[in-house]
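The values are calculated or read from the model by the stated rules, or taken from the named source; none is laboratory data. Nothing here was measured: the structure is a model prediction, and the numbers come from that model. Here Cβ is always computed from backbone atoms with ideal geometry, including for glycine, and neighbour counts include all displayed protein chains.
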Ligand code: AMP
Ligand code: TRP
């Protein structure tokens, strides 16, 4: 399969991101033809400071390479290095009803926030057309995304359908979402009713690149439920269930097995084992990130090679789309 996904250059990553998204990327690259790009054009809609955006893009590329994205297997590139994204977006914009864009949940939420800052920029509205262009340009069949992006993907399918209908024979596959089943929702260490998220403070999540010391402290402080024995009971012991889920996902075993393994242990012994497991699994990432951060030219070379490959594929689709529409 041909697979495409965009990565927001949004700063520090936590183990929820890893289990919910990044790990899936690194698994997909072994089986499929993958195009992964840093969505810097999309990031512009948030009006970042230029230096911040530049730094974040490089930092995010490093983070993804550190957790195992392999440029030998997948194509990793910067969206803005491939002008065809913006050009196809324009072509597709002429096939997209404004009403569809105004109905998007993300647009409504972001426009509400932006209103307070007094600039609801048009990029916020046309964001999903650019996303459709990102996907259709590579004629991707599948797109790994989180739940919040499903509505955008559905719009991309409709745009593909409309193009195929008006300019036959069909050029674009209608892309399907690839969603992770297990581990799709890792919860906060401080409150098992909330999703693990950067926005709730550093003590509520474990960063992918946290030091062993920090992991130790955070797991020690993680809330558990009343009682003393370890069992998987999401309704009555949601905090423990979250920690057991983490254990099982990182140990790559069934939840049942993890619960069984600790059924005769107290919380302290379980937390100790979870801590050791996390340190063991995350340390290689941290070490690789340190190495990568020391060679910016290597990162640039990876992105340049990725862009070359993306350019070749995208040019072909763009040329065909233009011809079908009567441009040249
Ligand atoms: P975000 O930065 O929130 O857009 O998340 C980036 C990716 O990580 C998306 O694919 C999300 O679905 C995934 N993700 C974020 N938070 C979690 C979480 N607590 N548990 C599982 N996956 C998550
Ligand atoms: N909008 C996506 C997000 O916020 C990022 C993205 C941009 C994307 N273009 C894409 C994801 C194309 C999948 C395919 O996460």
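Yes/no matrix, rows are residues, columns are (1) out of contact with any strand residue (DSSP E or B) (no Cβ under 6 Å at 6 or more places or on another chain); (2) within 16 Å of ligand 1 (Cβ to nearest atom); (3) within 28 Å of residue 161 (Cα to Cα):
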{"residue": "5", "(1), (2), (3)": "no, yes, yes"}
{"residue": "10", "(1), (2), (3)": "yes, yes, no"}
{"residue": "17", "(1), (2), (3)": "yes, yes, no"}
{"residue": "33", "(1), (2), (3)": "no, no, yes"}
{"residue": "64", "(1), (2), (3)": "yes, yes, no"}
{"residue": "103", "(1), (2), (3)": "yes, no, yes"}
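For residue 105, the criteria (1) within 21 Å of residue 150 (Cβ to Cβ); (2) surrounded by 15 or more Cβ atoms within 10 Å (Cβ to Cβ) hold in every case but one, which is (2).
From 276, 287, 254, grab the single residue that is more than 18 Å from residue 84 (Cβ to Cβ), touching a helix residue (DSSP H, G or I) at 6+ places or on another chain (Cβ under 7 Å) and either outside the structural domain of residue 233 (by TED's automatic domain parsing) or loosely packed, with under 15 Cβ neighbours inside 10 Å (or both).
254
Applying the criterion of being in contact with a helix residue (DSSP H, G or I) (Cβ under 7 Å, 6 or more places away or on another chain) and either outside the structural domain of residue 315 (by TED's automatic domain parsing) or in contact (Cβ under 8 Å) with a residue 12 or more places away in the chain (or both) to the residues of segment 107-123, the residue that is nearest to residue 317 (Cα to Cα) is 123. Checking the structure you have, find out if any residue of segment 162-179 is within 13 Å of ligand 2 (Cβ to nearest atom), assigned by TED's automatic domain parsing to the domain that holds residue 26 and farther than 30 Å from residue 234 by Cβ. The answer is yes, given that some residue of segment 162-179 is within 13 Å of ligand 2 (Cβ to nearest atom), assigned by TED's automatic domain parsing to the domain that holds residue 26 and farther than 30 Å from residue 234 by Cβ.
Of the candidates 187, 179, the single residue that is in contact with a helix residue (DSSP H, G or I) (Cβ under 6 Å, 6 or more places away or on another chain), within 14 Å of ligand 1 (Cβ to nearest atom) and touching a residue at least 12 places away in the same chain (Cβ under 8 Å) is 187.
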